[in-house]
Ligand SMILES: Nc1nc2c(ncn2[C@@H]2O[C@H](COP(=O)(O)OP(=O)(O)O)[C@@H](O)[C@H]2O)c(=O)[nH]1
Ligand SMILES: [Mg+2]
Ligand SMILES: [Zn+2]
C-alpha cells in the first residue's frame, strides 16, 4: 500500500518519485546538492541549520524546509524536523532543501498544551540522557525516578550523574541509595571541582553519540558539560546572569563536545512538560512491575487485595513505601496523559466525521444500493 503523506508537499517542486523504504535515498536532482547525510543542529521557521554528520564541528549551513516545516520519514509519513534529525538534502532553486528525514532511533517528546495539537518532538536521535542530580543538598529520589521514566520513554539510554561529591562525607553510600531507585541504570558520583569520578562519564562521549542533559537548576549540569567538553559549551548560571541563556559558542542547539560527541542544549529540553507512559514506567520501575506480576489478581490495584505481592514486599521491608508512592503518582500521570491523547484522537475523528457529513449534505449523489 502506498503511504499517504499527512500534509501536502510544497508547490515549489514536484516531489521525487522515489519509493520510500528503510534504506531508500530519495532521488537527488543533479547540481550542487550538498552530498552525504546531514544533522539538524537548529530548527527555525522555514529552515534548519545543518552540518555534515562526518564533520560536525564545521560551520552550520542553512537548508530550507517544506512549508509545513516537515519532511518525509522512511515510512512515508511527514514529521516536523527536530534538532538531532539526520536528513538528506537536495538543491532546488538556489538553496539546499531538506528532502527526507532518516528513521529516528529515539525521540524526546513534550506534551503540548493545546487540545488538538500533538506531542512536540524536542530532539531526535538522542543516544544518552544524562540525568544530573546533586548530592548536596540531598538528592531528590522522586525527581530522579521521574526523569529516568521520561528518559526511558525516549528510547535513549539513561545514565545518572550525581554531582558535588566533594561536598558530602559519604558519596559512595549516597550513590548506592540512588542506584536502588535506578534499576538497570549506571549511576556515577562525580566532583567537577576535584576532577573525580568523571572517567566513566567521559567514556560516553564516543564519536557520533548525542547526549541530552536533564536535571534541576543548580545541579551542576553546565559545570559538568563544560568540564566534559573542555570548553564553555553550555551557559553556566554566572553567564546566564545576562538573562538570555545564550551559548558562548554559536547559535547551535546541537553542540559539539569532545571526541565527536554532541550535546542537545535547547531551552525546552530541561525537563518541563515531559510525560511518562506505561511502557517507560515498566522499565524505570522494573522492580515494582516485577512484583506486581506476582499478585494473585491480574488487575490488582495493590490497595488491600489479598495476595498482593507489592504490599507484601512493602510490609517485609523489601520495597520502600516511598518508591511505591512514586510509582503510583507517575502511573496516574501517565494514565491522565493517555486519556488526554485519546480525547484528542476522538475529537479529531469527530471533526472528520462531521466534515464528511457536511460534504454529503452539499452533494447528496446517487442513492446507494
Ligand atoms: N562543590 C561543588 N560545586 C559544584 C560542582 N559542580 C558545580 N558546582 C556548583 O553548583 C552551582 C550550579 O552549577 P551549574 O553548572 O550552573 O548548574 P546548572 O544550573 O545545573 O547548570 C555552581 O555554583 C557551581 O559552581 C562540584 O563538583 N562541586
Ligand atoms: Mg546551567
Ligand atoms: Zn498487588
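Computed from the coordinates by the stated procedures, all read-outs in this text should not be read as laboratory data. Everything numeric here is computed off the predicted structure, so don't read it as measured data. Please note: Cβ atoms are built from the backbone with ideal geometry, for glycine as well, and neighbour counts cover all protein chains shown.
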With label points built 7 Å along Cα→Cβ from the Cα atoms of residue 342 and residue 303, find their separation and express it in nm. 1.8
Pairwise FRET efficiency - residue 289 versus residue 167, Cβ, R0 = 35 Å, nearest 0.05: 0.50
Apply 1/(1 + (r/R0)^6) to the Cβ-Cβ distance of residue 136 and residue 176, taking R0 = 22 Å, and write down the FRET efficiency to the nearest 0.05. 0.85
Quote the FRET efficiency, to the nearest 0.05, computed for residue 67 versus residue 325 with a Förster distance R0 of 56 Å and r equal to the Cβ-Cβ distance. 0.70
